[in-house]
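Enquirer: Below is one structure. I have some questions about it.
The values are calculated or read from the model by the stated rules, or taken from the named source; none is laboratory data. What you see is a predicted model; the values in this text were computed from it and never measured. Counting neighbours? That spans all protein chains shown, and the Cβs are built from the backbone with ideal geometry, glycine included. Surface areas here come from the heavy atoms of the whole protein model, side chains and all, with no ligands, DNA or RNA. Shrake-Rupley method; radii C 1.70, N 1.55, O 1.52, S 1.80 Å.
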Amino acid sequence: MDIQDAAEHALTAWYEADDLPEVETEGAKTWGTFLPAGEPDRFKSVCAQRGVTYVQGLAQALTLWLDNHPSPSAPLVKQPVVRVIVANQKGGVGKTFLSSGIAQALAEAGHRVLLVDYDPQGHLTAELGFEDLMYEDGVETLMMHMDGTAKRDIHELLIALDEEVFGGRLHLLPASDDAFLRDVALSKVSFSEAALERALEPLEEDYDVIIIDGPPSLGLNMDTALYYVRRREGELEDRSGVITPVWANRASHRAVRLLKAQKDDLCKKGRIQVDYLGLIINAYDSRRGKLVQENKNEWEKSSSPPVLAVIGDLKEGREAADGEIPLLVYAPDSEHAQVMRDLAKELAV
């Protein structure tokens with residue numbers, strides 16, 4: 001139901017109700033909607049008769065309506081696994097840090113999470129302590145499952161992060177050294193845009209969320225990842241899609257324009273929809289000067305995509321990566337860790 005219709009129904013029921021309890025409104029977010037002509041004056045008059053503020057009257061009306069119309073306990077349409085790529089072809093902006101941190105926070109909260117290291121450089125795999133896996137001989141790789149040459153089950157590639165806080169719910173699909181040739185290999189694959197989806201499909205039933213640490217490049221490699229997180233038939237809007245970490249500088253503005261152009265081109269040619277979930281301003285420090293502050297302000301004016309968070313230039317993330325220890329294990333009470341928990345709540349799981 002549209003919020004305007006809901007508000008009208010709520011007020012109609014409120015006019016007919018008596019002795020409604022006071023509703024706690026402190027700290028509530030503001031919002032707005034239109035009402036039919038004459039309705040605002042009637043509402044104000046009834047508030048005056050009952051001796052309640054306009055905010056309290058509206059809060060009572062909406063609470064009454066929500067109590068009588070609870071949200072379904074399950075989706076009306078079965079939803080696919082949530083699929084998110086943390087993407088920006090500009091290196092060093094925090095893709096790996098955010099991919100790993102959000103995945104850890106989701107697993108800590110009880111969700112089953114697969115973390116895919118889709119960056120040929122393998123920073124995510126190394127920072128979680130599994131660098132040696134990238135260079136093992138005689139092992140099938142994600143690329144082989146994408147180009148159809150793999151013979152074994154892709155489940156065999158997965159590594160569990162066994163720290164107690166994750167409860168066995170967080171798995172890594174590590175990078176491999178053949179990923180540097182992925183663009184070349186994909187050029188020989190039929191319908192290459194769907195190659196990653198074909199590879200990961202056998203894993204989807206096992207997870208609530210799949211997070212992809214994107215490559216620091218554009219091209220076919222990025223197209224396959226963007227195609228994978230497209231909105232599928234019947235899937236809710238802004239459930240899966242793209243999150244982009246940026247810095248408060250002009251280079252990041254240019255990088256986002258390039259990524260958005262590639263996404264829009266793929267959507268147009270493939271007749272698909274890829275939702276942009278938001279931007280994250282990373283490593284922000286206002287002491288770096290006026291231009292940094294101005295760039296941050298410019299980002300925050302964006303409503304599409306919106307800014308999901310501003311993360312300060314803190315040390316815990318770097319220390320955890322250098323020590324090859326998950327952030328929520330190394331510094332679970334840090335500001336960095338709390339930001340990851342807040343971001344995890346933003347995903348519509």
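Enquirer: Going through the range 4-24 one residue at a time, which ones are surrounded by 13 or more Cβ atoms within 10 Å (Cβ to Cβ), out of contact with any Ser or Thr (no Cβ under 7 Å at 6 or more places or on another chain) and not in a helix (DSSP H, G or I)?
Expert: Correct list: LEU20 only.
Enquirer: Taking into account only those residues within the range 308-327 that are under 14 Å from TRP247 (Cβ atoms) and open to solvent by 40 Å² or more (accessible area, probe 1.4 Å), which is nearest to the chain's Cα centre (by Cα)?
Expert: The selected residue is VAL310.
Enquirer: Could you tell me whether the range 159-172 includes any residue that is surrounded by 15 or more Cβ atoms within 10 Å (Cβ to Cβ), more than 23 Å from PRO332 (Cα to Cα) and either hydrophobic (A, V, I, L, M, F, W, C) or within 27 Å of the chain's Cα centre (by Cα) (or both)?
Expert: Taking every residue of the range 159-172 in turn, none turns out to be surrounded by 15 or more Cβ atoms within 10 Å (Cβ to Cβ), more than 23 Å from PRO332 (Cα to Cα) and either hydrophobic (A, V, I, L, M, F, W, C) or within 27 Å of the chain's Cα centre (by Cα) (or both).
Enquirer: Among the candidates ALA225, ALA248, ALA261, which residue alone is assigned to a helix (DSSP H, G or I) and either among the acidic types (Asp, Glu) or more than 19 Å from the chain's Cα centre (by Cα) (or both)?
Expert: Only one candidate passes the filter, namely ALA261.
Enquirer: When the residues of the range 38-74 are filtered to those that are under 41 Å from the mean Cα position of the chain (by Cα) and among the polar types (S, T, N, Q), which remaining residue is most open to solvent (accessible area, probe 1.4 Å)?
Expert: The extreme case among them is SER73.
Enquirer: Among what's in the range 280-307 and is open to solvent by 50 Å² or more (accessible area, probe 1.4 Å), of a type in the set (D, E, K, R) and in a helix (DSSP H, G or I), pick the residue that is farthest from GLY101 (Cα to Cα).
Expert: Applying the filter and picking the extreme gives LYS290.
Enquirer: What's the number of the condition LEU35 fails, among (1) under 30 Å from PRO332 (Cα atoms); (2) in a loop (DSSP other than H, G, I, E, B)?
Expert: Tallying (1) under 30 Å from PRO332 (Cα atoms); (2) in a loop (DSSP other than H, G, I, E, B), LEU35 fails exactly one: (1).
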